[in-house]
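In what follows, a structure is listed as structure tokens, so that the remarks can point back to it.
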């Protein structure tokens, strides 16, 4: 049987297939590394003036994630403030340790914890909105830090 073959066309098809395999391989590698959620690329921290925050840079809509604060030593009760506009995008499931008091302060919501620091505080939250979210946390007006998260749908 003699079939007409277009070798030039066949080589282009093979090239397109190899490019497709490469793209699929890169997506799988990025997934394993955490580009779409829990993993090495996702775990980040932000710190400044004694305040440290560890969090997941990438999250999923309605899937639990954590904000883990390490508060510096203080003379009075330890406290951390988060911007209300950031918190509006989340449902707070649990805070460890339990705050002694939660008080509004302008655009901030301040959580006070019994006893002086240093103290580790964990917010277990569930994202209610997707997209890029800009967060701000502070322990005083002069000690604040900004962070970003991307929540996938």
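Every read-out reported here was derived from the displayed coordinates using simple, explicitly stated rules and does not represent laboratory data. The shown structure was predicted, so the numbers you read here are calculated from the model rather than taken from an experiment. Neighbour counts are summed over all protein chains in view; Cβ atoms, including those assigned to glycine, are modelled from backbone coordinates with ideal geometry.
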| message | Between region 89-145 and region 8-68, how far is it from one alpha carbon centroid to the other, in angstrom? | response | 27 Å
| field | 0 to 90° range, to nearest 10: angle between helix 7-33 axis and the chain longest Cα axis | value | 20 degrees
| field | Nearest-0.05 FRET efficiency for residue 62 and residue 146, computed from C-beta distance (R0 30 Å) | value | 0.75
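Pull up the DSSP beta bridges for the chain and report the antiparallel fraction as a percent, rounded to 5.
95 percent
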| task | Please compute P(r) over all alpha-carbon pairs of the chain, binned at 5 Å starting from zero, and give each bin as a whole-number percent. | result | 2, 8, 15, 18, 15, 10, 7, 5, 4, 4, 3, 3, 2, 2, 1, 1, 1, 0, 0
| remark: Quick calc, residue 19 & residue 84: beta-carbon distance into FRET formula, R0 41 Å, rounding 0.05, result 0.30
| Tell me, what is the percent relative contact order of the chain, built from C-alpha pairs under 8 Å that lie six or more residues apart? | 24 percent
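Could you list 143, 24 so that the one with the fewest beta carbons within 10 Å of its beta carbon is first and the one with the most is last? All intermediate terms of the calculation are to be shown ahead of the outcome.
Values: 143 13, 24 10.
Fewest-to-most Cβ neighbours within 10 Å comes out as 24, 143.
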